[in-house]
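To start, the structure itself, in structure tokens.
The values are calculated or read from the model by the stated rules, or taken from the named source; none is laboratory data. Computed from a predicted structure; not experimentally measured. Here the Cβ positions follow ideal geometry from the backbone for every residue, glycine too, while neighbour counts run over all protein chains shown.
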Amino acid sequence: RAKDTVRGPVRVLAPAGSGKTKTLTNRVIHLLNQGVPAEQILALAFNRKAAQEMTERLRARGVRRVEIRTFHALGYQILRDALGWRYSGEKEHQRTRQLLNQAVASQVSIPARRDSDPLAPFLEMLAYAKSSLPDLRTLKIELEEDSVPFEPIFQAFLQAQSQKKHLTFDDMIYLSVRLLLRQDELRRQYQEQFHYLLVDEFQDLNKAQILFLTLLALPHNNLFVVGDDDQMIYGWRGAEVGHILDFPKRFPTASETVLSTNYRSTEAIVTHSRRLIDNNRERVPKNIRARAGAPAGLFAVRFGDDLWEQVQAAVNWLQEQVGAGELAWTDCAILYRYRAYQYPLALALAQAEIPHSQVDLRELFLTPVGQDITAYLTAILAPTELDTDMAQRLLKRPNKYFTNRFISSVHGWASLQGGGHDLPGWANDRLREFLDQLGLIQTELARRPFKSAALLYRLDLDFGLYEYYAEKGGDKRALDEETELIIWDTIYALAANFDRPAEFLAFIRETLARELAPPADNEGITLSTIHQAKGREYPTVVYFNLSQGAHGEEPEELEEERRVAYVGVTRARQDILITAQRGRPSPFLRELVQDPRYRQKTMGQLIKERNQLQKSLQKNPDAARQAELDRLEAEIAGRRLLDPPAPRR
């Protein structure tokens, strides 16, 4: 067994629900039983929650002197003891911007662009350089008309950082690695202190953390790592699935154990999630199965024509499950890929008087997209209430190429349409055309009412908002942060809940003016992104909006996004509902539903086989053929669910 190896490197692959924390705990107990002093054992966890869980389990078994830390906590201790530097949390972010801005200015002049942060690509590259440890000579920042070498900027930043004793979160690992490489005595101090290292969630480590760990493990290399290549979902922060896959190459003498039993979930959850993850190529094949005697469980799918219908489907299904009498609201979770989806879900749960995690709906309307929509609705429905910020936003988003001087001179509706602007002819024509478009919508609204969602659709048609957000793009891989396009879709879904546009605008205003209520003692249903839910489990789960485009589906990110979907499904212990947009299911949903044994067969072939089996079983009942018939029936039902036949005319 994995825990019984004492010396040398060990890799344990632990799929979802296979007892990862128990394996780590048993490893510590075994080392102690073999006479290893507790002070020589260091367990490193990916986050505080995992470290706390391991600490509690060991204390429950009478173990207290083993060092259990997160990577960043240990790195911070090294820096604090060696350099005396301190970390001030979020306040350090502004200092980082200041120092980086100075470093950039010493090398290049950055042109200012409307609706963009000129430092953003430099901040992103700084984080990448410190977490992924690339060859700095190869790094370039692509500007509009030129590419700028990043290495001189990086070195200037490091110099300023050293002078100011400024510490970022990434530096807890990056600067610790530099110190350990440069100071032999410091490195030997930690190597001699800890002879046995245990690592949790190894698949989520970036290159800086891998090097940090490698330095600490020398020269003994008594390194026991536990992880799951199928749950590597932190590529945005430098993690690479190759780190856990290539462990035997890095440590040729390594022992290996592959756990294969999911003790957490029902047969349905294990079967369908395995169908999904088996489609990944960059992985170690595993015969993942449910524990003997596991309940069947429920795997359900419901579709909606839009986000709001999916929200209603999710709420109705949870009401059915809890109404059956065996579940409490606290047994349920709704999981989603992007944070923005929490807002329509929270609204629907509140309308149904169902307790749930606290969600601050104000955040949605304080996003750039939320402020855009508020400004456009105000200009159409209550123009005299248009303030300076709203009026100037109308002129900038989408970009109408007015000068900053003109935009800053506009302070509301009156000055916007008052005339007398010192504008060139083309700009004056464009302003008049824009105001005429607003006026036309106002006239049409007075003649025949629009529903709220229809008005947003009209704003897109007339002003190109949807295309504007699509072109702006954004880093969809950055954890659970959504693009502006997803924000637009989310607000559009909320608008569908209000017939009259004036009601929707009033709702936005009331939301922005409302104070956030203190969190309730009993939160009820958990609302969470999949990334936030990693490491947690719930009896009943709704996986919300597994539709085309809701996950990144570019080739280079497809496998990681499939892993995200796998993590989402395997949070469920008993039952799961997946919602998706009707007619646009994600490829991942197809992989979850369809049995790979029938992948090459058409629907006609499946129906023919089913009919033949039914006739055969009527004459000669047989358990094996009955099981095959059940599988065929499930496959046919799944395909009809994903691709319903077109209605007859």
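Things to note:
Residues checked against (1) in contact with a His (Cβ under 9 Å, 6 or more places away or on another chain); (2) surrounded by 16 or more Cβ atoms within 10 Å (Cβ to Cβ); (3) free of Cβ contacts under 8 Å to residues at least 60 places away in the same chain; (4) more than 30 Å from residue 276 (Cα to Cα):
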{"position": "162", "(1), (2), (3), (4)": "no, no, yes, yes"}
{"position": "172", "(1), (2), (3), (4)": "yes, yes, no, yes"}
{"position": "203", "(1), (2), (3), (4)": "yes, yes, yes, no"}
{"position": "208", "(1), (2), (3), (4)": "no, yes, no, yes"}
{"position": "218", "(1), (2), (3), (4)": "no, no, yes, yes"}
{"position": "223", "(1), (2), (3), (4)": "no, yes, no, yes"}
{"position": "226", "(1), (2), (3), (4)": "no, yes, no, no"}
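- Condition check for residue 76: surrounded by 14 or more Cβ atoms within 10 Å (Cβ to Cβ), in a helix (DSSP H, G or I) and not small (Gly, Ala, Ser): yes
- Test: residue in region 336-354 that is acidic (Asp, Glu), closer than 30 Å to residue 233 by Cα and assigned by TED's automatic domain parsing to the domain that holds residue 575: no
- Residue that is farthest from residue 466 (Cα to Cα) [pool: residues in region 410-421 that are touching a residue at least 12 places away in the same chain (Cβ under 8 Å) and either assigned to a loop (DSSP other than H, G, I, E, B) or of a type in the set (S, T, N, Q) (or both)]: 421
- Verdict on residue 469 being closer than 23 Å to residue 307 by Cβ, surrounded by 20 or more Cβ atoms within 10 Å (Cβ to Cβ) and outside the structural domain of residue 351 (by TED's automatic domain parsing): yes
- Within region 115-160, the only residue that satisfies the criterion of being without any contact (Cβ under 8 Å) to a residue 12 or more places away in the chain and either of a type in the set (Lys, Arg) or in contact with a His (Cβ under 8 Å, 6 or more places away or on another chain) (or both) is 140.
- Residue 557 being in a helix (DSSP H, G or I), at pLDDT below 90, of a type in the set (Asp, Glu) and surrounded by fewer than 19 Cβ atoms within 10 Å (Cβ to Cβ): yes
- Qualifying positions in region 175-214 - within 15 Å of residue 225 (Cβ to Cβ), of a type in the set (Asp, Glu) and in a helix (DSSP H, G or I): 204
- Filter pass, residue 108 being in contact (Cβ under 8 Å) with a residue 40 or more places away in the chain, touching a strand residue (DSSP E or B) at 6+ places or on another chain (Cβ under 9 Å), of a type outside the set (Gly, Ala, Ser) and assigned to a loop (DSSP other than H, G, I, E, B): yes
- Scanning region 312-326 for residues that are of a type outside the set (Gly, Ala, Ser) and modelled with pLDDT of 95 or more yields 312, 315, 316, 317, 318, 319, 320, 321, 322.
- Matching residues, region 142-181, being of a type in the set (Ser, Thr, Tyr) and either in contact with a Gly (Cβ under 7 Å, 6 or more places away or on another chain) or under 22 Å from residue 109 (Cβ atoms) (or both): 147, 176
- Residue match in region 161-168 (condition: touching a helix residue (DSSP H, G or I) at 6+ places or on another chain (Cβ under 8 Å), modelled with pLDDT under 95, of a type in the set (A, V, I, L, M) and closer than 28 Å to residue 95 by Cβ): yes
- The helices (runs of 4 or more DSSP H) falling completely within region 564-649 that include 3 or more residues that are touching a residue at least 40 places away in the same chain (Cβ under 8 Å) and within 16 Å of residue 275 (Cα to Cα) map to 587-593, 623-642.
- Contact annotation: residue pairs with Cβ atoms under 8 Å, 6 or more positions apart or on different chains, pairing a residue in region 258-271 that is on the phi < 0 side of the Ramachandran plot with a partner that is surrounded by fewer than 17 Cβ atoms within 10 Å (Cβ to Cβ) and of a type in the set (A, V, I, L, M), are 258/284; 266/296; 266/298; 267/296; 268/296; 268/298.
- Considered as a group, the residues in region 117-151 that are of a type in the set (Ser, Thr, Tyr) and closer than 24 Å to residue 169 by Cβ include one that is surrounded by the most Cβ atoms within 10 Å (Cβ to Cβ), and that residue is 131.
- Residues (over 14 Å from residue 225 (Cβ atoms) and in a helix (DSSP H, G or I)) located in region 29-52: 29, 30, 31, 32, 33, 38, 39, 40, 48, 49, 51, 52
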